[in-house]
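Everything on this sheet refers to the single structure shown next.
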Amino acid sequence: MRHTANETSTTTLTRLIKALDAKHPVTITYVKADGTTTVRTIELYDVVVSAAGDILLKAMDRDTGESRSFRLDRIEAYTVHRSAYTVTRPTADEPKARPARGLATVTVLYPVDLPITARIDLLADALAA
């Protein structure tokens, strides 16, 4: 288990993007908006930057099978697993279980053929803008 307090947010984000690229699930210890802590196993599928400048991890929750968003700065600890994804994501044609309301996001597009460090630099530049 890695504690985010012991590493930079760039290092955390790099490791989570590597897990996304390899399609490895991640177990996170997450602090909710009300201050309570929860442990979830998730399967990442996107990284976006909100209009407020927060880095959001979009993922499928293994317990509920629903799509969820997690702020990077609220993750206290995480473990990247070596197993494969098991939850199927809804396709664009299928309706979402719970539509997102009031959350403005900006998708950061980056070429997948770049090395991970180049993608992190592109994401950092998008955050600075």
| said: Restricting to segment 31-43, name every residue that is surrounded by fewer than 19 Cβ atoms within 10 Å (Cβ to Cβ) and in a strand (DSSP E or B). | reply: V31, T37, T38, V39, R40, T41
| note | The one condition D73 fails out of (1) farther than 28 Å from D121 by Cα; (2) not in a loop (DSSP other than H, G, I, E, B) is (1)
| query | What do you reckon, is V26 surrounded by 15 or more Cβ atoms within 10 Å (Cβ to Cβ), within 10 Å of the chain's Cα centre (by Cα) and at pLDDT 95 or above? | reply | yes
| note | Within segment 39-68, the residues that are closer than 16 Å to I120 by Cβ and of a type outside the set (A, V, I, L, M, F, W, C) are D46
| query | Can you tell me how many residues in segment 58-92 are small (G, A, S) and either closer than 15 Å to Y30 by Cβ or crowded, with 16+ Cβ neighbours inside 10 Å (or both)? | reply | 4
| said: Quick check on my filter: what residues within segment 1-21 are of a type in the set (D, E, K, R) and in a helix (DSSP H, G or I)? | reply: R15, K18, D21
| Qualifying position, being aliphatic (A, V, I, L, M) and modelled with pLDDT of 90 or more, among A84, A97, A128 | A84
| task | Considering every residue within segment 52-63, establish whether at least one is basic (K, R), under 22 Å from V87 (Cβ atoms), assigned to a strand (DSSP E or B) and at pLDDT 95 or above. | result | no
| query | Which condition number in (1) without any contact (Cβ under 8 Å) to a residue 60 or more places away in the chain; (2) within 12 Å of the chain's Cα centre (by Cα); (3) in a strand (DSSP E or B) is the one that D46 fails? | reply | (1)
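The values are calculated or read from the model by the stated rules, or taken from the named source; none is laboratory data. Quick caveat, the model's predicted, so the values are computed rather than measured. Reconstructed Cβ throughout: ideal geometry from the backbone, glycine too, with neighbour counts over all protein chains shown.
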